[in-house]
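The block underneath contains the structure these notes are about, expressed in structure tokens.
Read-outs: derived from the displayed coordinates by stated rules, not from any lab. A quick note: this is a predicted structure, and the numbers were derived from the prediction, not measured. Here Cβ is always computed from backbone atoms with ideal geometry, including for glycine, and neighbour counts include all displayed protein chains.
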Amino acid sequence: MSTPDYRLSQLETLEAESIHVVREVAAELERPVLLFSGGKDSIVMLELARKAFAPARIPFPVMHVDTGLNFPDVLEFRDKRVAELGVQLIVASVPDAMAKGLVKEEPNGSRNRIQTPVLLDAVEEHGFTALFGGARRDEDKARAKERVFSFRDEFGQWDPKNQRPELWDLYNGRIHLGESIRVFPLSNWTELDIWQYIARERIAIPPLYLAEEREVVERQGMLYAVNEFIRPREDEQPFRAMVRYRTVGDANLTAAVRSEATTVEEVIAEVAVTRMTERGATRGDDKVSDAAMEDRKKEGYF
Amino acid sequence: MASHTDTAAQPGSHPVDVHSPVAEHAVELATARKDILRIATAGSVDDGKSTLIGRLLYDSKAIFEDQYEAVARASKGSFVDLALLTDGLRAEREQGITIDVAYRYFATPRRTFILADTPGHVQYTRNMVTGASTADLAIVLVDARKGMVEQSRRHAFLASLLRVPHLVVAVNKMDLVDWSEEVFEGIRDEFSAFAAKLAVPDLTVIPISALHGDNVVTHSPNTPWYEGATLIHHLEHVHVASDRNLTDARFPVQYVIRPQSDAFHDYRGYAGTVASGVLRPGDEVQVLPSGLTTTIAGIDGPRGPVEEAFPPMAVTVRLTDDLDVSRGDLICRPENAPTATQDLDALVCWMADEPLRPRQRIAVKHTTRTVRAMVKDLAYRLDVNTLHRDVEATELGLNDIGRVRLRATQPLFVDDYTRNRATGRFILVDEATNATVGAGMLTPAG
């Protein structure tokens, strides 16, 4: 493509910046791993990793922290994508850790918090020194203050008051034994950027993100699609509605939204006019408190 | 405890009509080809910086309803305190302070903006240098009632030190000085005189009220005497294309790509980000430090081969000859090479509690090359308020800036920071703690 004024569009600029970050990690840190959930952000991150090393293979494995509460669509998508790219998939299993008595189910049914020790154990077991995460700074107040290279101590903890200054594109990935770096190549992307990139690059996504008539129940003002984890309760009347998912989390807690967006282009239209944050709208597990993310990150969450 | 309002998720609410004229318009605005402007803001505690940022986010519709409602609930008083939109961590709310650089995102039909919001008080130098390092434009806020204060000078100086090409002085709280043209002109003239002493290539001064929105997005009826652009208009139209160095081809090799697969048996590519200049297939190039010359066989971008590569593209360069090239090497044009030197003269901003002292050993990361170095000499420490050079200084403390000479164990391929922001910069890393302890901008020797 010819660009006479030598300017990149915002998507091309973000893409270049992310590829730079991914390559820098591969060059400077010994054992990186990319956290891949099958959600849209991690799909874009994996695609950027592919581009960073093409035509060679991605030189590190991907890891899924499996809560055991997955949408089958998403697992299928995960396995297909991993096979296409020829990368190694490591599954860190929350149910396995529960069976071994390492973590306990929380009363509210959310496994969001107990993912953290499972993740940290897997990191230690495999000796990973860098973990790529798909977090964006526009998602959350705590994320807005986090570096692209986020230093973590041996417990995976983030200390917001003691972050390394991050200047220009000169990233400092130096660590001592046991410490690690969380790397967020999508830091500067917004939700709309992600969707536009998916459209522009024709990146495959799980069908859950697109509207379809699904059987749903209403629960605390939210719509939940009936699946193996969500069974209608006695007082609930399931009904059919056009819905889609804006985020893909645990199948027992992630709500759907009414939507007519059956294509990625229509999703972009929806996102462009919707004035709700995606997490606020659909993630039951983030509703606990304003500072929920700050607390979880300090404990070593993604 | 905050509860979000989930109107979009409520069963009774209507889904977004993705085929409506509103949606079409939104898509048009959202998907128009835009570029990115990176902004750094600086201001003192009470000059309304948070309010201004809240205003920019709110007026450009980067704020979602639930965020706005959370802020409205938290506001004390009769109006919504937009400053709360940018208050991040609970720790900060409790202490009423801003801990660190926060990044904000907003967009207009013409541009998308990445704003590095830096606190003006504690750790100001470290944070502002960090925020300004990537900025195309810096906004310095001045309280119209107080005029230029020490911090305003300091912020302008740091922006010029980091070579931020465009500086905007937003004279805020104009409503509190009765929209006085005289007050505004006084501040404008004083700032212009000060900026002339610094290397500020482009200065714009705008009278605003962040609280009420005057001259932020729309022209204010309160300032009929002001004929310049609104803040947003200026941010949308400021010309940044010529800020980059497109003259000196510099390509630091970041990673060597060798698929070693059947399909790409002989592929050997040098991946990296173009630091400056333009590279094209067929160009004769030199590889440093070996000095060997060859030609560019091809350049692969994220979507396949490209005819040109320019900053900040991330590409993979293939060479016609099979040379030994590795990370940390630099590809340039034979007749236009950077200086290869072990002696680094630089203005250093020190960011650690433990001071920088002569004879200290330290790691230098410059482009993709990391070397060890020794601090040979501290020529002077700069007072960022008066610009006075203290040649008697024996060390640089936290947030000090000084002129330092380093001697590296290996040559680096450098340009002056004033000519090339990409190859004239480095960070300093403490090899014992692994902390990033300083930022350096190379200056001509002598």
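Some observations on this one:
- Nearest-20 debye value, region B:173-286 charge dipole, Cβ charges on Lys, Arg, Asp, Glu: 720 debye
- Looking at the protein assembly as shown, the DSSP beta bridges with both ends there are about 70 percent antiparallel.
- Here is how the number arises for chain A: DSSP H runs of 4 or more residues each give -39500 (n - 2.57), the sum is divided by the residue count, and the result at 222 nm is -9500 deg cm²/dmol.
- Region A:49-78 and region A:15-40: distance between their alpha carbon centers, rounded to Å: 12 Å
- Each Cα pair under 8 Å and six or more residues apart adds its sequence gap; the mean of these over the residue count of chain B is a relative contact order of 11 percent.
- Counting only DSSP beta bridges whose two residues both lie in chain A, roughly 60 percent are antiparallel.
- Take each residue of peptide B:308-317, count the partner chain Cβ atoms within 10 Å of its Cβ, and average: the result is 5.
- Altogether, the Stokes-Einstein calculation at 20 °C and 1.002 mPa s, with the Kirkwood radius of region B:348-446 over Cα pairs as Rh, returns a diffusion coefficient of 157 µm²/s.
- A simple rule links phi to the HN-Hα coupling: the Karplus curve 6.51 cos²θ - 1.76 cosθ + 1.60 with θ = phi - 60°, which for region B:208-216 gives 9, 10, 5, 5, 9, x, 4, 6, 8 Hz, with x for Gly and Pro.
- For region A:73-88, putting each phi into the Karplus relation 6.51 cos²θ - 1.76 cosθ + 1.60 with θ = phi - 60° gives couplings of 3, 6, 4, 4, 4, 4, 5, 5, 5, 5, 5, 4, 8, x, 9, 7 Hz, in residue order, rounded to whole numbers and with x for Gly and Pro.
- If you take the Cα centroid of region B:268-303 and the Cα centroid of region A:90-130, the two points sit 45 Å apart.
- Between region A:217-265 and region B:407-446, the alpha-carbon center distance in angstrom: 54 Å
- Equivalent ellipsoid semi-axes, region B:100-165, via Cα gyration tensor eigenvalues times 5, rooted, Å: 21, 14, 12
- For chain A, the relative contact order comes to 19 percent (Cα pairs under 8 Å, sequence separation of at least 6).
- Hull shadow area, averaged, region B:220-269 [alpha-carbon convex hull, nm²]: 7.5 nm²
- In this Cβ point-charge picture (+1 for Lys and Arg, -1 for Asp and Glu), chain B has a dipole of about 1060 debye about its Cα centre.
- With a Förster radius of 25 Å applied to the C-beta separation of B:H212 and B:A241, the computed FRET efficiency comes to 0.15.
- Acute angle (nearest 10 degrees) that the helix B:150-161 long axis makes with the longest principal axis of chain B, alpha-carbon atoms: 30 degrees
- Mean partner shielding of peptide B:263-275, defined as the number of other chain Cβ atoms within 10 Å of each residue Cβ, is 3.
- Pair-distance distribution of the protein assembly as shown: all C-alpha pairs, bin width 20 Å, starting at 0; shares per bin in whole percent are 16, 50, 31, 3, 0.
- The mean sequence distance of close C-alpha pairs (under 8 Å, at least 6 residues apart), as a share of the length of region B:339-442, puts its relative contact order at 38 percent.
- Along chain B, longest interval not containing exposed chymotrypsin sites (Phe, Trp or Tyr not before Pro), exposed being DSSP loop plus at most 12 other Cβ atoms within 10 Å: B:226-446
- Amide hydrogen proximity for B:L319: with H placed 1.01 Å from N in the peptide plane, the residues at 5 or more positions away or on another chain lying under 5 Å are B:A297.
- Distant-in-sequence amide H partners of A:T129 (H built 1.01 Å from N, under 5 Å): A:R31
- Calculated log₁₀ intensity ratio I(q)/I(0) where the Debye formula runs over C-alpha points of chain A, q = 0.07, 0.09, 0.13 Å⁻¹: -0.27, -0.45, -0.97
- In sequence order, calculated HN-Hα J values of region A:32-43 (Karplus, 6.51, -1.76, 1.60; Hz; x Gly/Pro): x, 8, 9, 7, 10, 9, x, x, 4, 5, 6, 5
- Label-point separation, A:Q220 to B:T418 (7 Å along Cα→Cβ), nm: 6.2 nm
- Counted over chain B, the DSSP beta bridges are approximately 75% antiparallel.
- Selection among A:S180, A:M242, A:V91 by position relative to the dipole of chain A gives A:S180 as farthest towards the positive end (Cβ unit charges, Cα centre).
- Other residues within the sphere of radius under 12 Å centred on the Cβ of A:D79, judged by their own Cβ, net out at -1 (K and R +1, D and E -1).
- Scaling the Cα radius of gyration of region A:1-92 by the globular reference 2.2 N^0.38 Å produces a ratio of 1.22.
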